[in-house]
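Heads up: the structure comes next, in structure tokens.
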Amino acid sequence: MPRENIYERELSGTKNVILELYVIILVELMEKWLKKVKFETRISKNQLQKEKIIFVGRSNVGKSSLIKLLTGVKIRIGKRPGTTVLPFKVKFERLDIVDMPGSGFMEGKTKSIQEKIKDFIIWYIEENKNEILFAVEVLDAKMFLEIVQRWERRGENPIDIEFFNFLSELELDPIVAVNKIDKISVNKRSFILDQICEKLGFSWPWKQWRDIIVPISAKTGEGFEDLWRNIFNRLKRKGRSDLIKYFRKTPYL
Ligand SMILES: Nc1nc2c(ncn2[C@@H]2O[C@H](COP(=O)(O)OP(=O)(O)OP(=O)(O)O)[C@@H](O)[C@H]2O)c(=O)[nH]1
Ligand SMILES: [Mg+2]
């Protein structure tokens, strides 16, 4: 075998070992966290529970960026998928905003870790459902349709759609924040939003669903008022309009 090929094989072998190690550490971290949460859940059952709002969505769609835009809290934002790997709570006195890890992260590489993260998110949401006021599901305006079509071609259920149905079934009244709308030219936006609507099981035109579907950009702040209004309306519906004080009236850019 030529020398270069041996080197290449060794290099890719090393890469695989590093990846495996990374996955093992991640799974261990998740399991430790799970034990801690289960313990804390037990001891806090008799204490006053804090309300929760959860942000879910694929990796890199801008969940953390949107929480920062809405609250002004400096939260870790990443250029690479998988920045938030454990649920991160932005804690206020009476409310936790939970930034969930991105589902579908490391796409195509390690299916088992994707499944584990997905199972973990589902477990977390079911376990905490009584304290969750509502959910915000974040989609990437530019990537959503492409990824959904890719999954459909493989005969699989697209994770974004699965999550939307799951959140709706749990009556978590999801707001669908279609983020990164700045990446779509203005004349194409309605078309894209109509397609997203259809994939989520809504009829066209998307504008009739403005109390669910909110085009937004965490980068430019466009759409901020609509998202804020939707959050306020959901809090009102739950009799907790007092909690709007934790959200900024103007975007934090
Ligand atoms: N153009 C554009 N970029 C954005 C927008 N929102 C977020 N980004 C960028 O997208 C990348 C990912 O943002 P994050 O907020 O870390 O995404 P996340 O969903 O929390 O990612 P994970 O923690 O990996 O699940 C960063 O480089 C952001 O600057 C947006 O509205 N428009
Ligand atoms: Mg994040």
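Quick note: the coordinates plus some simple rules give every number you see, no bench work behind them. Remember, predicted model here, so these are calculated numbers, not experimental data. We place every Cβ from the backbone using ideal geometry, glycine too, and count neighbours over all the protein chains shown.
Between D211 and K111, residue separation times 0.36 nm minus the direct Cα-Cα distance comes to 32.6 nm. The average projected area of the range 49-246, computed from the convex hull of its Cα atoms over all directions, is 10.7 nm². Seen from A218, the other residues with C-beta closer than 10 Å to its C-beta sum to a net charge of +2, counting Lys and Arg as +1 and Asp and Glu as -1. Using 0.36 nm per residue and subtracting the Cα-Cα separation, the extra length available between S168 and N233 on full extension is 21.7 nm. Amide H contacts for F134 (H built 1.01 Å from N in the peptide plane; partners 5 or more residues away or on another chain; cut-off under 5 Å): I54. Computed from label points 7 Å out along Cα-Cβ, the spacing between E20 and W123 is 2.4 nm.
Scanning residues 5 or more positions from S59 or on other chains, those with amide H under 5 Å from its amide H are S103, F105, with H placed 1.01 Å from N in the peptide plane. 3J(HN,Hα) couplings calculated from phi for the range 211-224 with the Karplus curve 6.51 cos²θ - 1.76 cosθ + 1.60 (θ = phi - 60°) are, in sequence order, 8, 10, 9, 10, x, 8, 10, 6, 7, 9, x, 4, x, 4 Hz; Gly and Pro show x. Sorting 197-208, 171-182 by their mean Cβ neighbour count within 10 Å, with the most densely packed peptide first, gives 171-182, 197-208. Extension gain for the segment K74 to R150, taken as residue separation times 0.36 nm less the Cα-Cα distance, is 24.0 nm to one decimal. If r is the Cβ-Cβ distance from E28 to N187 and R0 is 41 Å, what FRET efficiency results, to the nearest 0.05? Efficiency, rounded to the nearest 0.05: 0.25. Scaling the Cα radius of gyration of the range 112-208 by the globular reference 2.2 N^0.38 Å produces a ratio of 1.15.
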